[in-house]
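The values are calculated or read from the model by the stated rules, or taken from the named source; none is laboratory data. This structure is a prediction, so every number in the text was calculated from the model and none was measured. Here the Cβ is made from the backbone with ideal geometry for all residues, glycine too, and neighbour counts use every protein chain on show. For the accessible areas, the whole protein counts, side chains as well, though only heavy atoms, and no ligand, DNA or RNA atoms are used. Shrake-Rupley method; radii C 1.70, N 1.55, O 1.52, S 1.80 Å.
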Amino acid sequence: MSTTWHVLGAGSLGTLWATRLARAGLPVRLILRDPARLRAYQAAGGLTLVEQGQSSLLAIPGETSTSSAPIQRLLLACKAYDAEAAVASIAPRLEPGAELILLQNGLGSQDAVAARVPQARCIAASSTEGAFRDGDWRVVFAGHGYTWLGDSGHPTPPIWLDELAASGIPHEWSTQILTRLWRKLALNCAINPLTVLHDCRNGGLQQHHCEVATLCAELSELLQCCGQPAAAENLQQEVERVILATAANYSSMHQDVSNGRRTEISYLLGYACEAAARHRLQLPHLQQLQQRLVNQLQQRGLPSA
Ligand code: NAP
């Protein structure tokens, strides 16, 4: 009998994972925020995945965090700012040796979660897959990509990677997951805040080449100082490549701000600036970028942390 995949968070990524696992015949249970969300979910009859214009409805069973069934494997699919509280809500249900897969972007939330559940194995993920919600309990698979998974304290891969393969979830076990997370954080810091401040698509940053280059130089210095030289390699070149390759897209931070949603700033630019301060590193442009972004968020009445 396969171990049940508990998926906490029926948002974009949670739905993308839960529906593919369930479609492969694996046991999946969704953990929803509260009884009201559970009732709404049950009324919808399941989760819908929209892929290449085709919708499929999967009647995955739902529950709330207060259900009593023990949890052996949990996919944590909420935003970084919700991760610690969400894990605290299910902590009493974790079995000894439970495994958590953390899908959060940025850095900081993984350590906060691991500290909450020292009895569990926490596996961090970094994903280039893209999905968005076009309605409650409906997710559109917008961009094919890859997910790297790894545990910096424990290089042995978990046994369930085969189940991801069987579910058609492209992935790779990485012994350098921290380097991947830092690299993605640096790319995000060089692109996303500027797209908000200049109110442009990613491609609009081609008009701000010098600003991008200065940020890349400071971010590379930070990565070196934080013991992540591999994440600093050719950073500016990759940032420029991403700006070109995604020229027509609005960054996730731009989308969050324009839709009046909270951003993950504290786990991205905020984390970078805190790391710089810890190392007594002066990175004036990065610090100024954070200040400008905080001001912009406050002007819009959005949380700035
Ligand atoms: P999302 O669509 O906002 O989904 C988050 C879900 O978590 C929401 O459904 C929310 O519930 C739920 N949630 C929060 N706290 C909860 C709790 N205590 N109990 C139960 N459910 C809870 O977010 P997302 O886009 O999937 O992003 C998740 C993470 O993946 C983020 O760190 C993001 O940066 C990263 N990521 C996303 C993508 C993407 O394409 N979407 C790509 C790469 C990485 P409610 O619906 O009730 O609010």
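Across the stretch 114-151, the qualifying residues are those that are out of contact with any Leu (no Cβ under 9 Å at 6 or more places or on another chain) and among the aliphatic types (A, V, I, L, M), and the one among them that is nearest to E172 (Cα to Cα) is A142. Listed by position, the strands (runs of 3 or more DSSP E) enclosed by the stretch 77-188 that each have at least 3 residues that are under 16 Å from the mean Cα position of the chain (by Cα) and either within 13 Å of the ligand (Cβ to nearest atom) or not hydroxyl-bearing (S, T, Y) (or both) are 94-102, 121-127, 130-135, 138-143, 147-150. Among the residues of the stretch 128-144, just one is touching a Ser or Thr at 6+ places or on another chain (Cβ under 6 Å) and open to solvent by less than 20 Å² (accessible area, probe 1.4 Å), namely V139.
Picking from residues in the stretch 247-288 that are part of a helix (DSSP H, G or I) and aromatic (F, W, Y), the one that is surrounded by the most Cβ atoms within 10 Å (Cβ to Cβ) is Y267. Based on this model, can you work out whether A165 counts as among the small types (G, A, S) and surrounded by fewer than 16 Cβ atoms within 10 Å (Cβ to Cβ)? Spelling it out, A165 is indeed among the small types (G, A, S) and surrounded by fewer than 16 Cβ atoms within 10 Å (Cβ to Cβ).
Taking the conditions exactly as written (small (G, A, S), away from the ligand (no atom under 11 Å from the Cβ) and open to solvent by 20 Å² or more (accessible area, probe 1.4 Å)), does G25 satisfy them or not? Answer is yes for this residue.
Within the stretch 57-66, if we keep just the residues that are open to solvent by less than 50 Å² (accessible area, probe 1.4 Å) and in a loop (DSSP other than H, G, I, E, B), the residue that is nearest to the ligand (Cβ to nearest atom) turns out to be S65. When A10, A36, A69 are checked against the criterion of being within 15 Å of the ligand (Cβ to nearest atom), among the small types (G, A, S) and not in a helix (DSSP H, G or I), a single residue qualifies: A10. Scanning the stretch 222-254 for residues that are farther than 20 Å from T179 by Cβ and either small (G, A, S) or within 15 Å of the chain's Cα centre (by Cα) (or both) yields a total of 6.
Scan the stretch 227-246 and give yes if some residue there is closer than 26 Å to Q298 by Cα and small (G, A, S), otherwise no. No, the conditions are met nowhere in the stretch 227-246.
For the stretch 203-217, state whether one or more residues are touching a helix residue (DSSP H, G or I) at 6+ places or on another chain (Cβ under 7 Å) and charged (D, E, K, R). For the stretch 203-217, residues touching a helix residue (DSSP H, G or I) at 6+ places or on another chain (Cβ under 7 Å) and charged (D, E, K, R): present. All conditions but one from (1) among the polar types (S, T, N, Q); (2) in a helix (DSSP H, G or I); (3) over 24 Å from F141 (Cβ atoms) apply to Q42; the one that does not is (3). Residues in the stretch 237-246 that are open to solvent by less than 70 Å² (accessible area, probe 1.4 Å), part of a helix (DSSP H, G or I) and of a type outside the set (A, V, I, L, M): E238, E240. Screening L13 with (1) free of Cβ contacts under 8 Å to residues at least 60 places away in the same chain; (2) open to solvent by 40 Å² or more (accessible area, probe 1.4 Å) gives one miss only, at (1).
Among the numbered conditions (1) buried (at least 19 other Cβ atoms within 10 Å of the Cβ); (2) of a type outside the set (G, A, S); (3) free of Cβ contacts under 8 Å to residues at least 24 places away in the same chain, the only one that L75 does not meet is (3). Out of curiosity, is A83 touching a residue at least 24 places away in the same chain (Cβ under 8 Å), of a type in the set (A, V, I, L, M, F, W, C) and surrounded by fewer than 19 Cβ atoms within 10 Å (Cβ to Cβ)? Judged against the criteria, A83 is not a match.
Flag not set for E221, criterion: more than 15 Å from L286 (Cα to Cα) and at pLDDT 95 or above. Within the bounds of the stretch 43-50, is there any residue that is within 15 Å of the ligand (Cβ to nearest atom), at pLDDT 95 or above, within 25 Å of L94 (Cβ to Cβ) and crowded, with 19+ Cβ neighbours inside 10 Å? Yes; the residues of the stretch 43-50 include at least one that is within 15 Å of the ligand (Cβ to nearest atom), at pLDDT 95 or above, within 25 Å of L94 (Cβ to Cβ) and crowded, with 19+ Cβ neighbours inside 10 Å.
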